[in-house]
1. Would you pick out the residues in region A:24-37 that are open to solvent by less than 40 Å² (accessible area, probe 1.4 Å) and within 9 Å of the chain's Cα centre (by Cα)?
2. Can you pull out the residues in region A:8-23 that are more than 11 Å from chain B (Cβ to nearest Cβ), in a helix (DSSP H, G or I), surrounded by fewer than 17 Cβ atoms within 10 Å (Cβ to Cβ) and not β-branched (Val, Ile, Thr)?
3. Among A:ALA179, A:ALA169, A:ALA128, which is the only one that is at pLDDT 90 or above, more than 9 Å from chain B (Cβ to nearest Cβ) and farther than 26 Å from A:ASN52 by Cα?
4. Out of everything in region B:39-57 that is of a type outside the set (A, V, I, L, M, F, W, C) and more than 22 Å from A:GLN120 (Cα to Cα), what residue ends up being surrounded by the most Cβ atoms within 10 Å (Cβ to Cβ)?
5. Of everything in region A:49-67, what is away from every other protein chain (no Cβ under 11 Å) and of a type in the set (D, E, K, R)? Give them in sequence order.
6. Check B:LEU67, B:LEU90, B:LEU83 and return the single one that is in a helix (DSSP H, G or I), open to solvent by 80 Å² or more (accessible area, probe 1.4 Å) and at pLDDT 75 or above.
7. For region A:118-147, give me the residue count where each residue is open to solvent by 40 Å² or more (accessible area, probe 1.4 Å), without any contact (Cβ under 8 Å) to a residue 24 or more places away in the chain and of a type outside the set (Asp, Glu).
8. Looking at region A:38-82 only, could you name the residues that are under 20 Å from A:GLN124 (Cα atoms), more than 11 Å from the chain's Cα centre (by Cα) and surrounded by 15 or more Cβ atoms within 10 Å (Cβ to Cβ)?
Amino acid sequence: MIAEETLVQELKQKESQAKAFEVLVNTYKERLYWHIRRIVLNHDDADDVLQNTFIKVYRNIEGFKGDSKLYSWMYRIATNESLTFLKQKSKKAGISNEELKMSLVENLQSDVYFEGDEIQLKLQKALATLPDKQKLVFTMKYFQEMKYEEISEVLETSVGALKTSYHLAVKKIETYLKAD
Amino acid sequence: MKENHKNKFKTPEGYFDTFHERLMDKINEEETAQETSLIPKSDGFAVPDKYFDTFKVESEQVKVVQLKSYKKFYYAAASIAALFILFFGLTWKADSPITFEDLANAELDAYFESTELNMSTYEIAEVVSLSDLEINEVFDNTLEDENILEYLDENVEDIEDLNLDYNDYE
């Protein structure tokens with residue numbers, strides 16, 4: 001694990017920037033990819049958003065003040081990029097955000113990079129019915145196994161509120177999965 | 001120990017000796033219960049072969065190099081554009097400059113539709129004067145229950161702040 005502060009310093013200096021950026025990309029690409037993929041669902045879209053996220057990180061590193069941790073700052077950029085991507089996609093298609101989410105889930109059935117069975121497909125349908133924030137909290141906690149404190153930094157929400165959101169999300173998903 | 005003699009309360013034999021063991025059992029039990037939950041442990045997403053090994057960000061440097069190689073074309077294009085501007089600038093009537101009103105409303109609508117403005121309520125209030133708004137526009141619109149619930153779902157951080165009965169909320 002590289003020391004975050006050193007990496008940030010190197011990213012801000014012209015001569016060490018390229019090398020440091022490579023380290024940054026290699027350290028975080030997988031984690032950020034899975035975070036993005038669980039929001040946009042499709043691999044190609046996730047790849048696009050991941051590219052954009054790193055480009056934004058690269059362009060804005062000057063402005064990174066270190067008030068929060070580097071990874072939570074990048075997660076925040078990735079989250080915003082993913083949600084904006086979905087909004088733009090639904091606008092282009094002339095459908096609502098909810099309709100888009102449902103159609104993305106439908107497309108998973110024929111997606112070669114989705115190996116889920118029926119129950120996992122149903123889980124995605126359940127997730128698509130949740131408000132953005134509840135879905136984010138659930139996937140970050142359940143699948144990405146992040147700590148509440150980490151999620152709290154990314155989503156800028158108190159741990160208490162996150163626990164409530166998580167609890168509600170689990171209940172809603174279980175009810176959805178139980179129903180036929 | 002003195003305390004115990006005073007209050008006369010008793011605990012079952014060996015209660016404290018086995019407390020830790022029982023606690024761990026309970027924790028394990030809960031963890032197993034979680035594992036056997038309806039929600040699957042994995043969500044079934046996959047990536048193309050060697051995707052992470054080959055992932056590269058299209059870095060700024062690459063773009064900069066491209067820009068430089070086209071530099072001379074930009075100069076040529078800029079000089080042609082300058083000639084056109086000069087030509088039209090001289091031939092056009094000076095009394096009909098393009099104004100804000102000339103922009104088609106549809107284009108403005110399209111711009112606001114497709115652009116994230118990220119303005120706060122206060123910033124919007126600074127731009128739009130109150131006299132431009134019909135106060136009735138706010139009061140006459142009745143809110144549908146569905147919209148209210150959607151708003152609360154997305155904006156209320158702590159459900160408990162609403163002092164709702166949990167059953168009511170469900």
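1. Correct list: A:LEU32, A:TYR33, A:HIS35, A:ILE36, A:ARG37.
2. Residues satisfying the conditions are A:GLN9, A:LYS12, A:LYS14, A:GLU15, A:SER16, A:LYS19.
3. Matching residue, one of A:ALA179, A:ALA169, A:ALA128: A:ALA169.
4. Ranking the candidates gives B:TYR51 first.
5. A:GLU62, A:LYS65, A:ASP67
6. Sole residue among the options that is in a helix (DSSP H, G or I), open to solvent by 80 Å² or more (accessible area, probe 1.4 Å) and at pLDDT 75 or above: B:LEU83.
7. 1
8. Those that are under 20 Å from A:GLN124 (Cα atoms), more than 11 Å from the chain's Cα centre (by Cα) and surrounded by 15 or more Cβ atoms within 10 Å (Cβ to Cβ): A:ASN42, A:HIS43, A:ASP45, A:ASP47.
The values are calculated or read from the model by the stated rules, or taken from the named source; none is laboratory data. Remember, it's a predicted structure, so these values are computed and weren't measured experimentally. As a convention, Cβ positions derive from the backbone with ideal geometry for all residues, glycine included, and neighbour counts pool all protein chains shown. We work out accessible area using only protein heavy atoms, side chains counted, and drop any ligands, DNA or RNA first. Shrake-Rupley method; radii C 1.70, N 1.55, O 1.52, S 1.80 Å.
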